[in-house]
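The block underneath contains the structure these notes are about, expressed in structure tokens.
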Amino acid sequence: MSTTVADLHDHHDDHGPAKGIGRWLFSTNHKDIGTMYLVFSLVMFFVGGAMAMVIRSELAIPGLQFVHPEFYNSMTTMHALIMIFGGVMPAFVGLANWMIPLMVGAPDMALPRMNNWSFWILPVAFSILLSTLFMPGGAPAGGWTMYPPLVLQTGDAFPYLIFAIHLMGISSIMGAINVIVTIINMRAPEMTLLKMPMFVWTWLITAYLLIAVMPVLAGAVTMLLTDQFFGTSFFLAAGGGDPVMFQHIFWFFGHPEVYIMILPAFGVVSEIIPTFSRKKLFGHDSMVYAAASIAFLSFIVWAHHMFTVGMPLSGQLFFMFATMLIAVPTGVKVFNWVATMWRGAMTFETPMLFSLAFVFLFTIGGFSGLMLAAAPADIQYHDTYFVVAHFHYVLVPGSIFAIMAAVYYWLPKWTGHMYNETLGKAHFWASTIFVNLTFFPMHFLGLAGMPRRIPDYSTQFTDFNTVASIGALGFGLSQLIFVWVIVTAWKGSKATDRVWEGAHGLEWTVPSPAPYHTFETPPKARIAGEAFE
Amino acid sequence: MTTHTEERYYVPHGSHWPIVGSAGLLLLMVGVSSWLNGSDAGFYIMMAGVAVIIFMITGWFAAVIGESQAGLYNLQVDHSFRQGMFWFIFSEVMFFAAFFGALFYARNMSVPWLGGSSNNFFTNLLLWQGYESTWPTNGPGDIGGEYTAMPPFGLPLINTVLLLTSSITVTIAHHSLLAGKRAQLAIFLAATFLLGFTFVYMQGVEYVEAYEHMNLKLTSGIYGSTFFMLTGFHGMHVTIGAIMLTIIFFRVLKGHFTREKHFAFEAVAWYWHFVDVVWIGLYVFVYWM
């Protein structure tokens, strides 16, 4: 059914999109802003991906072949910053923009102009960050974690790095405020909190995390800036400060940040698996409580990133056990996804394939996380490729696969046309095979002692590195299929309103493609309730 | 929490202010960065950025105030604004939390460790022999040289009284607004921002005193760093709050705000209470204890 009512309003913009570039520059439309976020993130995904290609080319064989070590370090640093702040986070904000108003029956985000601004800060931030590649002293090369004193050796790029981070933080905070206010204030009548779809729930929790930790990151990098330029001693032992203090403040941001990148992914998967299992999500409420528990725990585990810096034994024990505790709510989630599929009438369209791979491969990343959480073992694994393998398993076949699943799942709703399923499946299989080829050998490399962030290595590590590099190249090329599927999505057969047979939720009650304005009046309670049931 | 006072939702039309703001931020960030790197042109780019941002803020607020006065905003929009402001203030709290965290970390961990506590006996013996952990400190390297710590009584105490009083006056102003006593509202609002600006002035006096007579500077080790960063960011927030209060004052004179609808007034009042609470934390942990 269509909720697009006859236009009773006298606002000229209610008729449809504005003409020309103004539509995008001045937009207050959540769908347009969502599209801009998603396109931006795709571009950044390829920019960061190109840097990954440089890294893997250099590491394909031992010895220094293509790039200067300093530039190599810039590549690892920039790859991380771009993928985290430019790739994954904006992708999820884009999905939130597109889908949350549709899922809660709201006409738009609660604060549409601020929404526009939070997007348009990002191109500024990333122009500044990418421009550092061409500066004297090169781009930042001290790692994305920006530990002092190393990061203070950055050349002209240093203040640009700090201010780019500030801008990303401002953008994220405004986006998060918008998400919270939209969810709390704009829900359809009768949609009580526990009736909200899981994607909405996980984003609500994510938004709280963002508001709580992005300002802390801003504080940390501000201290770096003043230490560098204004003579403060925050991270200077001679002045009574401590470089390790930066790590504490940074990881107080950094660990919740990890969940900021995975909780919306949990939400996406919790939408998709029920649809293609043709069953309701198993344990909806326990999913909510699990996500909230994970979010809470994320604030008290940060020092597991820094077991080797030297901290009191009691601290190590606390952070070790608190970290391991996270496995419990995460286990609840994985169990619920599997239980949702149990005896379901399952079909395996591309979004479902990506979601299944997510459950399986994210869990591998979760388990290696548990290994790293054990402080005595971590002292061996710390700063090796095992860590690289771990976080790429949770981020690539974790977060990024969930983003791809979401794009395939909702693309027909966005464009009004079915994408090419054959190519979608090809993209899935190529991505899944190559992602494992890339990152699985890194576990072995790490356990054998290969350090991360080094452009050269001992010859004993050659075989696995070569395999990983081939996998990375294959993964990179596979993503061209993704772009092709998206670009040609407008040529497919017409999508129905419901799109997927087993789909439930308010977003499937509007036409495909979703009209420029939806839910200009609150959806009727009965409809909202039914769509949810 | 969901409120539906009207049949239709309100969605604002497009606006060019966000993109102007982004352009301003680009100029500001590039300008300040190149200035820090030693480029004189950077200073002018930075100031251009500041100008564009001030232009954006005034223009954007003017547009929103105009729309609000035209009665475009329903109760739901009001709720959205309120919740947005609340979470914005929460994010500010977390920003200060980072600096308070640094202060507590230094006082309870890094400084005692440098003095050899816990299992850091050799740190002290081999690296910083003779350094005894104490607070306030400019570190074992005596960074910035001899200094005098800022005493809690005197100016800081006066400032505490000023700010606490201003929190009371803004509350009286709020009650006056609810009671429809416009003259009383204007008077107490004026008292509030005057107290606020007086606070900022006194803070300036304190800084001059610290720099000229006490050799207490931003560069005075961890004590100077935490002292000036915490009080500096706080002072910046008081300045912003006082400016906002002044604007609210002029809006009151123009007859804006009713008993029922006065989001902007309340938002600024919340902000003012927030800077007040931060000050109490500052006074206790930076000046006093």
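Just so you know, all these numbers are worked out from the coordinates, no wet-lab data involved. As the structure is a prediction and not an experimental result, all values here were calculated from the model. Here Cβ is always computed from backbone atoms with ideal geometry, including for glycine, and neighbour counts include all displayed protein chains.
Here the label points at B:M47 and A:D463, each 7 Å from Cα along the C-beta direction, are separated by 6.7 nm in the simple model.
As a test of the formula, what do you get for the protein assembly as shown when each DSSP H run with n ≥ 4 contributes -39,500 (n - 2.57) and the sum is divided by the residue count, at 222 nm and rounded to the nearest 500 deg cm²/dmol? Spell out each step's value before the answer.
Values: 26 runs with 533 residues, N = 822.
Taken over the protein assembly as shown, the calculation gives -22500 deg cm²/dmol.
Under 8 Å for C-alpha pairs, at least 6 residues apart: give me the relative contact order for chain B, rounded to a whole percent.
Relative contact order for chain B comes out at 17 percent.
In the structure displayed, which of A:K19/B:K261; A:K333/A:K494; A:K31/A:K491 lie more than 30 Å apart, Cα to Cα?
On the way: A:K19/B:K261 35 Å; A:K333/A:K494 35 Å; A:K31/A:K491 20 Å.
Long pairs (Cα-Cα over 30 Å): A:K19/B:K261; A:K333/A:K494.
Can you spot the aspartates and glutamates whose alpha carbon is less than 20 Å from B:K254's alpha carbon? Ignore those fewer than 8 places along the same chain. Straight-distance partners of B:K254: B:E67, B:E266. Using the Cβ-Cβ distance between B:E67 and A:E70 with R0 set to 45 Å, the FRET efficiency works out to roughly 0.30.
Count, for each residue of A:109-115, the Cβ atoms from other chains sitting within 10 Å of its Cβ, then give me the mean as a whole number. Please list the in-between numbers first.
Numbers: counts 2, 9, 6, 8, 11, 6, 1.
The per-residue average across the peptide is 6.
The string of couplings for region A:488-496 from the Karplus curve (6.51, -1.76, 1.60, θ = phi - 60°) is 8, 5, 7, 9, x, 5, 5, 8, 7 Hz, one whole number per residue in order, with x for Gly and Pro. Give the separation of the Cα centroids, region A:451-513 to region A:104-165, in Å. Taking the Cα centre of each part, region A:451-513 and region A:104-165 sit 25 Å apart.
Each Cα pair under 8 Å and six or more residues apart adds its separation to the average, and for region B:134-289 the resulting relative contact order is 34 percent. Under the criterion of Cα pairs below 8 Å and six or more residues apart, the relative contact order for chain A equals 19 percent.
Listed by chain and number, the aspartates and glutamates whose C-alpha is less than 13 Å from the C-alpha of A:K524, apart from same-chain residues fewer than 8 away, are A:E190, B:E7. With springs connecting C-alpha atoms under 10 Å apart, model chain B as a Gaussian network and identify which of B:Y131, B:Y207, B:Y223 has the largest mean-square fluctuation. Highest fluctuation of the listed residues: B:Y131. The calculated FRET efficiency for the pair A:M346 and A:Y516, based on their C-beta separation and a Förster distance of 41 Å, comes to about 0.70.
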